[in-house]
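The values are calculated or read from the model by the stated rules, or taken from the named source; none is laboratory data. Every value quoted in this text rests on a predicted model; they were computed, and no experiment measured them. Note that each Cβ is placed from the backbone with ideal geometry, even for glycine, and that neighbours are counted across all protein chains shown. Areas reflect the complete protein model, heavy atoms only, side chains present, ligands, DNA and RNA absent. Shrake-Rupley method; radii C 1.70, N 1.55, O 1.52, S 1.80 Å.
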Amino acid sequence: MSITALITGASSGLGAEFARYHASKGGDVIITARREPELLQLKSELETKYGVTVHAIPLDLGAEDGAKRLYEACQAIGADINVLINNAGFGGLGVHVERDLAAEKSMIELNITALVSLTHMVGGDMVKSGGGKILNVGSTAGFIPGPNQAVYFATKAFVNSFSQAIDQELREKGVTCSVLAPGYVETEFAKVGGLEDTAMVKAGGASAAEVAKMGYDAMTEGKLVTINDRKLSFLLNWVLPFMPRRNVLKMVQKNQAPA
C-alpha cells in the first residue's frame, strides 16, 4: 500500500524537493501551491519518472478558508493522507511599521494559520486512523527575534513551539510531529522576500534537495527538531542564549540588512 503525502508550497524549492524524494520512495503525492503550471509540470515529472500517482491542487493556501478548501479537495479525491508536510510560507524584508500591513498579515495567515488548520484537520484524521507523520518547516529564525524581518521570525518561533507541543500530544496516539529548522536555503525565498542583497543571502546557503532529504528522513525517524547546519545549531543552542540580548538583536539586524 502506497504512503500518500500532502505537501504544501510544492511548486518549487523545498516543497518540490520533498515531493521528489517522497515519490522516489514509491509514495503517492498531493502537491499544492498557487502556480498551476509549475504544479502540473512537477506532476508529470514524478508520474513519468517514478510511476506514482500525483494529484495537483492549485490554490492560495493563505487566502480565507484556504486550508479548509485544500482539505475538502483531498477528501473529494478520496485521499488517505499518511504524511503531511507543511512547507508553504514566505518572508519579507523591512522595518515592520514601514511594511505593508496587509502583507504582514498575509504572512501570518500562511505561515501560521494555514499550518495550524491543516495540522488540526489532517492530524485529527491521522489519530483516527492510528498513525501518521507531520513535518512542519520552520527555520533557524524561530530561535531568535528578527529585526528587519520581525513578523517572519515570529511566525517561525510559533512553528517551532507549536510543532513540539503537537508531537508531545499526539505521539502516544501514533502520530509524530517534527520541525525542520534550516538556515538559509537556495530557493526562491530570497527573491520573493526582497532579501537578495542581504548579508545572509550573499553568504550562500544549502541546496533545497539536501535540506529536504534531511528533513524528510528526520520526520521518518520521528525526530523532534532538526537543524541542517551543525555550526549554526551550536551557535543557536550554545552561544546566542548566553550573549547579551541587545547584542544578539544588533547582530541579527545587521545580517538581515542589505550588505
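Mind jotting down the distance between the C-alpha centroids of the stretch 210-230 and the stretch 231-246, whole Å? Taking the Cα centre of each part, the stretch 231-246 and the stretch 210-230 sit 21 Å apart.
Just to confirm a number: summing +1 for Lys and Arg and -1 for Asp and Glu over residues other than Lys223 whose beta-carbon lies under 13 angstrom from that of Lys223, what do you get?
Values: positive: Lys133, Arg171; negative: Asp167, Asp217, Glu221.
Around Lys223, the surrounding residues sum to -1.
Under 5 Å between amide hydrogens, built in the peptide plane, is the criterion, and for Ile134 it picks out Leu84, Thr176, Cys177, Ser178 among residues at least 5 positions away or on other chains.
Close amide H contacts of Asn148 (hydrogens built in the peptide plane, cut-off under 5 Å, sequence separation of 5 or more or a different chain): His96.
Let me spell out the model: positive unit charges on the Cβ of Lys and Arg, negative unit charges on the Cβ of Asp and Glu, origin at the Cα centre of the stretch 8-89. What dipole size does that give, in debye rounded to 20?
Working: 8 positive and 11 negative charges, 39 e Å.
That gives the stretch 8-89 a dipole magnitude of about 180 debye.
Per atom type, the chain shows carbon and sulfur on 53% of its accessible surface, probed at 1.4 Å. Derived scalar couplings between HN and Hα for the stretch 213-221 equal 4, 4, x, 5, 5, 5, 4, 4, 7 Hz in order, rounded to whole Hz, by the Karplus curve 6.51 cos²θ - 1.76 cosθ + 1.60 (θ = phi - 60°), x for Gly and Pro.
Using a probe radius of 1.4 Å on heavy atoms only, what accessible surface per residue do you get for the chain? Whole Å² is fine. Here the residues of the chain average 48 Å² of exposed surface.
Just checking the listed ones, Ala102, Ala154, Ala218: in the Gaussian network model of the chain with Cα springs under 10 Å, the one fluctuating most is Ala102.
With each label modelled as a point 7 angstrom along the Cα→C-beta vector, the Val127-Asp65 pair spans 2.5 nm. 3J(HN,Hα) along the stretch 83-96: 10, 10, 10, 7, 10, 4, x, 8, x, x, 7, x, 5, 3 Hz, from the Karplus curve 6.51 cos²θ - 1.76 cosθ + 1.60 with θ = phi - 60°, whole Hz, x for Gly and Pro.
Against the chain, whose longest principal axis is taken from its Cα atoms, helix 36-50 shows a tilt of about 60°. Distance from the C-alpha centroid of the stretch 148-163 to that of the stretch 14-78: 25 Å, rounded to the whole angstrom. In degrees from 0 to 90, rounded to the nearest 10, what is the angle of the helix 66-76 Cα long axis to the longest principal axis of the chain? The answer is roughly 20 degrees. Here the label points at Glu221 and Ala103, each 7 Å from Cα along the C-beta direction, are separated by 3.9 nm in the simple model.
For the pairs Lys213/Lys254; Lys133/Lys231; Lys128/Lys213; Lys49/Lys223; Lys128/Lys156; Lys156/Lys231, flag any whose C-alpha to C-alpha distance is greater than 24 Å. With Cα atoms farther than 24 Å apart: Lys213/Lys254; Lys133/Lys231; Lys128/Lys213; Lys49/Lys223; Lys128/Lys156. Scalar couplings 3J(HN,Hα) for the stretch 19-26, obtained by applying the Karplus form with A = 6.51, B = -1.76, C = 1.60 to θ = phi - 60°, are 5, 4, 5, 5, 5, 5, 8, x Hz; x denotes Gly and Pro. Rounded to the nearest 5, the antiparallel percentage of DSSP beta bridges internal to the chain is 5%. For the pair Glu210 and Gln41, the difference between a 0.36 nm per residue extended length and the Cα-Cα distance amounts to 58.7 nm.
Using a Förster distance of 30 angstrom, determine the FRET efficiency expected from the C-beta separation of Ile3 and Asn237, and round it to 0.05. For R0 = 30 Å, the calculated efficiency reads 0.40. Amide H contacts of Gly183: Thr140, Asn228, Asp229, each under 5 Å away and 5 or more positions distant or on a separate chain (H built 1.01 Å from N in the peptide plane; Pro and chain starts excluded).
Between Ala165 and Lys49, how high is the FRET efficiency from 1/(1 + (r/R0)^6) when r is the Cβ-Cβ distance and R₀ = 35 Å? Nearest 0.05. Mind showing how you got there, number by number?
Numbers: r = 38 Å, r/R0 = 1.07.
With R0 = 35 Å, the Cβ-Cβ based efficiency is 0.40.
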